[in-house]
């Protein structure tokens, strides 16, 4: 299982991870309006701390194409109302991977068929999906959605899937049973509004401990 830590807004977080010599698979920066918002020019000097084995992800919400194509990240994550044709155009202009967030609104439940129709529209043009709890802030709400109804839907999606929304260390054994590539965390590894290095390290170690045991079983 892969781990994405999103909403890094302080260089010190990356310096601390470097000192600990432990990294998630993906590091996410939020370029959209948010309390965790950063600017592309702000993070450029920070990137030297991140090893080449870790991919960087930029989070955008309905932003100008100029802002998106100039972001110094490997993967572009769209968390707004971007259409499939927008994703295709940006992919052609940048050559970068595109991830589309599918928001799960539990206050106004839709059928699984609704979510199937959504992902099928984007399937030809994106490289992966993130299923996250719908919120006014477009992520980082710290709220979970019900995973079980999505099990068979995720099975049929032949592209990487990450699950986000209030995930904690205690959720890892449960999510390991689902047909997903990884998990995406932000508030779940924070303490008093800031990223907690002990929480990040503990979570990554837990994920990789389980993976190591599974590999030994194979």
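The values are calculated or read from the model by the stated rules, or taken from the named source; none is laboratory data. This is a predicted model, so every value here is computed, not measured. Please note: Cβ atoms are built from the backbone with ideal geometry, for glycine as well, and neighbour counts cover all protein chains shown.
Of everything in the stretch 32-49 that's part of a loop (DSSP other than H, G, I, E, B) and in contact with a strand residue (DSSP E or B) (Cβ under 6 Å, 6 or more places away or on another chain), which residue is surrounded by the most Cβ atoms within 10 Å (Cβ to Cβ)?
36
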Quiz item: Is there any pair with a first residue in the stretch 77-90 that is over 16 Å from residue 58 (Cα atoms) and a second that is part of a helix (DSSP H, G or I) whose Cβ atoms are under 7 Å apart and which are 6 or more apart or on different chains, and what are they?
Solution: 84/121; 84/122
Self-check item: the stretch 106-151 - residue that is loosely packed, with under 12 Cβ neighbours inside 10 Å and touching a residue at least 24 places away in the same chain (Cβ under 8 Å) and, of those, nearest to residue 75 (Cα to Cα)
Solution: 124
Quiz item: Any residue in the stretch 178-186 that is closer than 25 Å to residue 103 by Cα, at pLDDT 95 or above, part of a helix (DSSP H, G or I) and in contact with a strand residue (DSSP E or B) (Cβ under 7 Å, 6 or more places away or on another chain)?
Solution: no
Exercise. Just need a number here: residues in the stretch 165-177 that are on the phi < 0 side of the Ramachandran plot, in contact with a strand residue (DSSP E or B) (Cβ under 7 Å, 6 or more places away or on another chain) and in a loop (DSSP other than H, G, I, E, B).
Key: 1
